[in-house]
Amino acid sequence: MKEINKLIEDFPCDLCGAKDEEFLYIKRGSITNYPFRLVRCRSCGLLYLNPRLGEKAIRDLYDENYYAGKGFDPYVDYLTDFAKENDNEKTFHPSETVNLIKNITPSPAKLLDFGCGLGDLILQANKQGYHAEGYEVSDFSREFARSKGIKVYSDLNQLPMNSYDIVVAIEVLEHCSSPMEALMAIYQSLKPGGVFYYTTLNFDGFYVRWRLNIKSSLDNYIVPEGHIHFFSTDSIIKYFKKIGFSEVIKFNPYRIRGRLYNVLSKIGLVDEGFFPKSWLNKIVYYILINIAAFYEITTKNLPLAKK
């Protein structure tokens, strides 16, 4: 990315509009090597990068190279992932995500995948009875998804109002130039009573650990140039209340992967579907998941929202 200084802009806090930020530390961009500043809004507590790339420069990040694992985040190769038939081998497990969504809004229902990428989740949702559409800013991935017969919107103003039973955003909010603008559009597109389901890492405790000079594993999630906003339970609830969502929903599905899952499966606490087997197991699970969150072995889900 050439002439990086010309693409960098200074922004106020997206959540409250304040220009009163506390500097935490520098995180260099992986493709520009620019020293991005991680800051915290003193007014509302939101964590974000400032200054950062402008909106157009951010959109330009999501080209074919990005989806092939050659962009700012080399740990994701969506094109290879899309070609895999086994859901367990994929990075974001779209079939498993649809199974989780069924616990909130069963099919048949109208679904919008906000930031749908190549459209894999939409294809899996349609297979399971949903009527799913997408929204995507990337020209490359939007046309890829459309080539698979998927309806994909390219502009927030195109989204139909009061139309969807559930809007899904998997690892999207941290990429948004303005989460407020994105969440407002999502709110308006939902039917009354519709639910917003999303995933992004929970930054509860990150600031406290920084104040104590304790290294946080969440630092790995701060990936300039594309990951620019980072949410705690408090900050995301402030977004929801400011926008007008009627209800904040705690949703902690019995699903775990990685080291914690491997340990719990060995002692028989969870089965192959990632579910505790009894009420006693559920109690033990919640105790262990809170301990794991404290030590950053895993993180708790952020709350969802209902219109």
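The values are calculated or read from the model by the stated rules, or taken from the named source; none is laboratory data. This one's a predicted model, so the numbers in the text were calculated from it and none came from an experiment. Because the Cβ atoms are built from the backbone with ideal geometry, glycine has one as well, and the counts that use them run over all protein chains shown.
If we keep just the residues of the range 8-42 that are among the small types (G, A, S) and in contact (Cβ under 8 Å) with a residue 24 or more places away in the chain, which is farthest from D234 (Cα to Cα)?
My answer is S30.
For residues that are assigned to a helix (DSSP H, G or I) and not charged (D, E, K, R), scanning just the range 86-114, find the one that is surrounded by the fewest Cβ atoms within 10 Å (Cβ to Cβ). It would help to see each step written out before you state the result.
Our first condition is that a residue be assigned to a helix (DSSP H, G or I); within the range 86-114, this holds for 87-89, 94-101.
If we keep only those that are not charged (D, E, K, R) too, we end up with 88, 94-95, 97-101.
Working: N88: 9, P94: 22, S95: 17, T97: 21, V98: 24, N99: 17, L100: 17, I101: 22.
Checked the range 86-114; the qualifying residue surrounded by the fewest Cβ atoms within 10 Å (Cβ to Cβ) is N88.
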Note on the range 203-224: residues within 15 Å of G45 (Cβ to Cβ) and modelled with pLDDT of 95 or more are F203, Y207, W210, R211
Any residue in the range 95-110 that's in the same structural domain as Q124 (by TED's automatic domain parsing) and basic (K, R): show its pairings with residues that are outside any loop (DSSP other than H, G, I, E, B) and surrounded by fewer than 20 Cβ atoms within 10 Å (Cβ to Cβ) at Cβ separation under 9 Å, as long as the two are six or more apart or on different chains. K110/H131; K110/K191
Among the residues of the range 43-56, is there at least one that is part of a loop (DSSP other than H, G, I, E, B), surrounded by fewer than 13 Cβ atoms within 10 Å (Cβ to Cβ) and either assigned by TED's automatic domain parsing to the domain that holds Y207 or touching a helix residue (DSSP H, G or I) at 6+ places or on another chain (Cβ under 8 Å) (or both)? no
Matching residues in the range 193-219 - criterion: being within 17 Å of H229 (Cβ to Cβ) and part of a helix (DSSP H, G or I): F206, Y207, W210, L218, D219
Screening K250, K241 for residues that are over 21 Å from E22 (Cα atoms) and at pLDDT below 95 leaves only K250
For the range 115-127, state whether one or more residues are surrounded by fewer than 14 Cβ atoms within 10 Å (Cβ to Cβ) and at pLDDT 95 or above. yes
In the range 19-36, residue farthest from the chain's Cα centre (by Cα) [restricted to those that are among the charged types (D, E, K, R) and surrounded by 17 or more Cβ atoms within 10 Å (Cβ to Cβ)]: E21
Any residue at all in the range 282-302 that is within 21 Å of the chain's Cα centre (by Cα), more than 27 Å from I186 (Cβ to Cβ) and either at pLDDT 70 or above or assigned to a loop (DSSP other than H, G, I, E, B) (or both)? yes
